[in-house]
Amino acid sequence: MTDDAAWPALPVESWTPTRDTLHMWTQIVGKIRMALAAPVNHWWHVTLRVDARGLATGGIPVGSRLLELAFDFVDHVLLVRTSDGGLVTVPVPGLSVARFYAEVFDAVRLLGVEVAIHPSPNEVEVAIPFADDTVHATYVPEQANAFWRQLIQADRVLQRFRSGFGGKVSPVHFFWGAMDLAVTRFSGRTAPPHPGGAPNCPDSVMREGYSHELSSAGFWPGGGSEGAFYSYAYPAPDGYAEADLPDGATFSAEFGEFLLPYEVVRTSPDPDATVLAFLGATYDAAARRGDWSPDLLIRPHHARSER
């Protein structure tokens with residue numbers, strides 16, 4: 001049984017109002033990064049990263065300066081700062097999405113940065129414009145902190161998994177569209193055009209994201225009673241869903257992906273090994289059945305001899 005402080009229990013139904021509010025907030029912050037950062041393939045320039053206090057954009061070039069927006073889930077503020085010493089702190093408890101949106105743009109303008117974003121969320125069925133959204137106004141600090149601690153563990157294990165691949169591979173990063181932490185490996189071949197269909201999201205976005213054959217995995221606060229680790233391939237090769245899986249993992253026909261419930265990981269004797277077994281088995285299903293080159297796998301860094 002693992003330490004609950006490291007792998008906290010957080011039933012999805014217990015924090016859905018906070019989750020949905022935070023989802024909209026991360027979209028606002030992520031869209032600012034998207035509007036200002038240089039484009040990178042597969043939309044890698046729009047993502048947030050897990051850091052030692054929460055989720056952050058990292059440095060975004062604005063002229064000769066850098067702008068960064070960072071959620072601090074310890075002190076429960078959004079930090080908006082620039083490389084020339086500018087700093088505006090936005091306390092987040094008690095804010096609706098509409099108020100958060102206004103305060104973030106006030107802060108950015110106060111620091112001398114002008115930016116415009118598409119002012120409605122993506123990849124959600126009901127897309128309330130940010131400026132009008134007073135529906136989502138719940139933020140329970142303890143729940144946001146627990147989610148961030150889940151992300152820390154997921155990020156740490158996904159980084160280990162990422163290190164075993166020698167081909168093109170994404171960073172481990174947080175996509176605010178679906179609110180998931182993800183890492184993606186690529187075979188090196190192009191893929192058939194993606195059909196699109198994500199709610200309130202142009203099909204062109206999905207075609208760019210899935211332009212090449214991939215096996216993607218990550219963590220998402222859904223898909224299980226406490227969230228789930230997931231893995232899928234695009235395009236999915238024949239027989240993919242029949243892969244051999246470790247105990248507790250299944251293939252979801254509803255989502256078209258493999259799922260490993262977070263609660264299975266949290267209560268296992270070795271959570272890291274449980275997740276890595278899942279990631280390895282599901283990547284193997286994509287790679288073997290999709291005829292990926294075995295040379296794309298490399299020995300773990302810790303197993304290499306010293307230089």
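Derivation of every value follows stated rules applied to the coordinates shown; laboratory data play no part. This structure is a prediction, so every number in the text was calculated from the model and none was measured. Cβ placement follows ideal geometry from the backbone for every residue including glycine, while neighbour counts extend to all protein chains displayed.
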Using helices alone, what [θ] at 222 nm do you get for the chain, with -39,500 (n - 2.57) per DSSP H run of 4 or more residues, divided over all residues and rounded to the nearest 500?
-10000 deg cm²/dmol
Would you mind checking which residues have amide H under 5 Å from Asp180's amide H? H placed 1.01 Å from N; only 5 or more apart, or other chain.
Phe175
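Of the listed peptides 229-235, 293-299, what is their order by residue-averaged count of other C-beta atoms within 10 Å, with the highest listed first? Write down the numbers at each step before the final one.
On the way: 229-235: 22.3, 293-299: 12.1.
Most protected by this proxy first, the peptides run 229-235, 293-299.
So, R0 is 45 Å and r is the distance between the beta-carbons of Val115 and Glu142; what FRET efficiency does that work out to, to 0.05?
On the way: r = 32 Å, r/R0 = 0.71.
Approximately 0.90, to the nearest 0.05.
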Describe numerically, in nm with one decimal, the distance between label points set 7 Å from Cα along Cα→Cβ at Asp247 and at Asn200.
4.2 nm
Quick query: amide H of Leu66 versus all other amide H atoms, modeled in the peptide plane; which residues come in under 5 Å with a sequence gap of 5 or more or a different chain?
Ser83, Asp84
Along the stretch 199-213, Karplus-curve 3J(HN,Hα) (6.51, -1.76, 1.60; θ = phi - 60°) to the nearest Hz, with x for Gly and Pro, reads x, 6, 8, x, 4, 4, 5, 5, 5, 5, x, 10, 6, 10, 4
Determine which residues of the stretch 140-179 fall in the zone a paramagnetic label at Arg53 would reach in this model, i.e. backbone nitrogen under 16 Å from the point 7 Å along Cα→Cβ.
145, 148-149
With a point put 7 Å past each Cα toward its Cβ, work out how far Glu208 is from Asp75 in nm, to one decimal.
3.5 nm
Ranking of Val264, Val80 by count of other Cβ atoms within 10 Å, fewest first
Val264, Val80
Ranked on Cβ counts within 10 Å of their own Cβ, fewest leading, Lys168, Lys31 go Lys168, Lys31
Nearest 10 degrees, 0 to 90: helix 97-110 Cα axis against the chain principal axis
70 degrees
Pairwise label distance in nanometres, Asp132 with Asp291, each label 7 Å out on the Cα-Cβ vector
5.1 nm
Please arrange Thr89, Thr282 by counting, for each residue, the other beta carbons lying within 10 Å of its beta carbon, fewest first.
Thr89, Thr282
Using alpha-carbon coordinates, inclination of helix 271-289 to the longest axis of the chain, degrees:
70 degrees
Could you calculate the FRET efficiency of Asp84 with Gln159 from 1/(1 + (r/R0)^6), where r is the beta carbon distance between them and R0 is 30 Å, rounded to 0.05?
0.45
Using the Karplus equation 6.51 cos²θ - 1.76 cosθ + 1.60 (θ = phi - 60°), what ³J(HN,Hα) coupling, rounded to whole Hz, does each residue of the stretch 50-67 give in order, writing x for Gly and Pro?
6, 10, 6, 10, x, 10, 9, 6, x, x, 10, x, 9, x, 8, 10, 10, 10
Degrees between helix 141-162 axis and first principal axis of the chain (Cα, 0 to 90, nearest 10)
40 degrees
